[in-house]
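K.L.:
Have a look at the structure that comes next, please.
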Amino acid sequence: MAQIIDGKKISNEIKEELKDKVLSLKKDGVEITLAVIQVGNDPASSVYVGNKKKACEYIGIKSLSYELPEETKEEELLKLVEELNKDKKVNGILVQLPLPKHIHEDKIIETISPLKDVDGFHPQSVGRLSIGQKGFVSCTPAGIIQLLKRSGISIEGKECVVIGRSNIVGKPMSMLLLKENGTVTVCHSKTKNLKEVAKRGDILIAAIGKPKFINKEYIKEGAVVIDVGIHRDENNKLCGDVDFDDVVDHVSAITPVPGGVGPMTIAMLMHNCVDSIELL
Ligand SMILES: Nc1nc2c(c(=O)[nH]1)N[C@@H](CN(C=O)c1ccc(C(=O)N[C@@H](CCC(=O)O)C(=O)O)cc1)CN2
């Protein structure tokens, strides 16, 4: 019987730990403030932003909300980020992605001060991670490491296969697994013989962006499977990149969708907000 890795439970544990930390910081007169920017009203983004604000409230972090219309100009958003960079009361700046097509995401991310980059997307944060220096780490891959560690799954010496090479998940994920002494392979759309390569993984991270793409033909028997995807299936039910029902009896542990990786993204954002006070 596979171990179902409960991301909701683990994220709640992390939030409880952070709540205690924030309380003791408050006693020392330290308040943490996160600026949350959403441009447009993409329904999924509104849900995520709402959940981030709720998590802030629960933990005791102050959130400042900036809801900008879809037609906001790139220069206007850059100006807001620059103002927040200078604001001494703001510890972290979050710009919810995706942004409307007329705004260059890279330009916005590069403008956020690396000292307030609680998403860990700034090139300086990514560079620090890749050379093993302390800095903000992208929340989803950082959450996956916590899921593995807190479920008693060791990474050292394991064959780790990451499917997907995005800047937000695949690349930082590979760096973190390497830091934990895993042997890491990164696969992508041009990888030849994907099934064979994926089957090498003792730990398989699926971040492909295709609903139910990974079935048991891609998975070594007894592997640990982490599913980063979030989609709606033909019945409008949430599902991941992995065909859960097909693989569940073939693996030793697996994250469900929903309730696996997703909640960890928000817990690790809260973790980064608390960490940010050490950097200012
Ligand atoms: N600025 C950022 N933008 C985006 C990020 C990010 O880390 N920073 N990641 C994703 C979206 N995201 C957070 O922003 C996110 C996605 C999913 C979940 C989550 O809890 N999912 C639930 C299901 C929720 C549902 O009902 O749809 C789950 O998997 O259980 C949290 C955060 C892109 N943008």
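Here, each number is a calculation from the coordinates, and none is a lab measurement. Everything numeric in this text was worked out from a predicted model, so none of it was measured. Here the Cβ is made from the backbone with ideal geometry for all residues, glycine too, and neighbour counts use every protein chain on show.
K.L.:
Which listed residue (LEU99, MET268, LEU25) has the Cα farthest towards the positive end of the charge dipole for the chain, taking +1 on Lys and Arg C-beta and -1 on Asp and Glu C-beta about the Cα centre?
P.N.:
LEU25
K.L.:
Can you give me the span-like helices of the chain, meaning DSSP H runs with 15 Å or more of Cα extent along the axis and Kyte-Doolittle mean at or above 0.5?
P.N.:
Those that clear 15 Å and a mean of 0.5 are 139-150, 261-279.
K.L.:
How many angstrom separate the Cα center of the stretch 73-92 from the Cα center of the stretch 223-280?
P.N.:
If you average the Cα positions of each part, the centres end up 30 Å apart.
K.L.:
Taking 21 Å as the cut-off for C-alpha to C-alpha distance, list the pairs among LYS26/LYS54; LYS89/LYS116; LYS53/LYS73; LYS158/LYS179; LYS54/LYS79 that go past it.
P.N.:
Details: LYS26/LYS54 19 Å; LYS89/LYS116 11 Å; LYS53/LYS73 25 Å; LYS158/LYS179 12 Å; LYS54/LYS79 27 Å.
Flagged as over cut-off: LYS53/LYS73; LYS54/LYS79.
K.L.:
Same structure, new question: Quick check: residue separation of LYS53 and GLN133 times 0.36 nm, minus the Cα distance between them. What number comes out in nm?
P.N.:
25.9 nm
K.L.:
Between GLU71 and GLU105, what is the FRET efficiency for a Förster distance of 22 Å, r being their Cβ-Cβ separation, to the nearest 0.05?
P.N.:
Efficiency computed from Cβ-Cβ geometry: 0.85.
K.L.:
Which FRET efficiency, nearest 0.05, do ARG150 and ASN181 yield, Cβ-Cβ r, R0 22 Å?
P.N.:
Efficiency computed from Cβ-Cβ geometry: 0.80.
K.L.:
Place the peptides 145-151, 85-91 in order of packing, highest mean first, counting for every residue the other Cβ atoms within 10 Å and averaging per peptide.
P.N.:
Top to bottom by mean Cβ count within 10 Å: 145-151, 85-91.
K.L.:
Rounded, prolate or oblate: which fits the stretch 139-262, taking a ≥ b ≥ c as square roots of the Cα gyration tensor eigenvalues, rounded meaning a/c under 1.5, else prolate when a/b beats b/c?
P.N.:
Note, shape of the stretch 139-262 comes out rounded.
K.L.:
Taking 7 Å along the Cα-to-C-beta vector as the label spot, tell me the VAL30-GLU278 distance in nanometres, rounded to one decimal.
P.N.:
The answer from the label model is 0.9 nm.
K.L.:
Would you please classify the overall shape of the stretch 1-85 from the alpha carbon gyration tensor, given that a ≥ b ≥ c denote the square roots of the eigenvalues, rounded means a/c under 1.5, and beyond that prolate means a/b larger than b/c while oblate covers the rest?
P.N.:
Because a/c hits 1.5 or more and a/b fails to exceed b/c, the stretch 1-85 counts as oblate.
K.L.:
Starting from the stretch 173-211, pick out the trypsin sites (Lys or Arg not before Pro) whose DSSP state is loop and whose Cβ has at most 15 other Cβ atoms within 10 Å.
P.N.:
The qualifying sites are LYS190, LYS192, ARG200.
K.L.:
Still on this structure, please answer the following. Over its Cα atoms, what ratio of radius of gyration to 2.2 N^0.38 Å does the chain give?
P.N.:
With N residues counted in the chain, Rg over 2.2 N^0.38 Å equals 1.01.
K.L.:
Looking at this model, which pairs from LYS52/LYS171; LYS8/LYS88; LYS52/LYS199 are more than 27 angstrom apart at the alpha-carbon?
P.N.:
In this structure, LYS8/LYS88; LYS52/LYS199 lie more than 27 Å apart at Cα.
K.L.:
Once you order the gyration tensor axes a ≥ b ≥ c over the Cα atoms, which shape class does the stretch 214-280 get: rounded for a/c under 1.5, otherwise prolate or oblate by comparing a/b with b/c?
P.N.:
Oblate.
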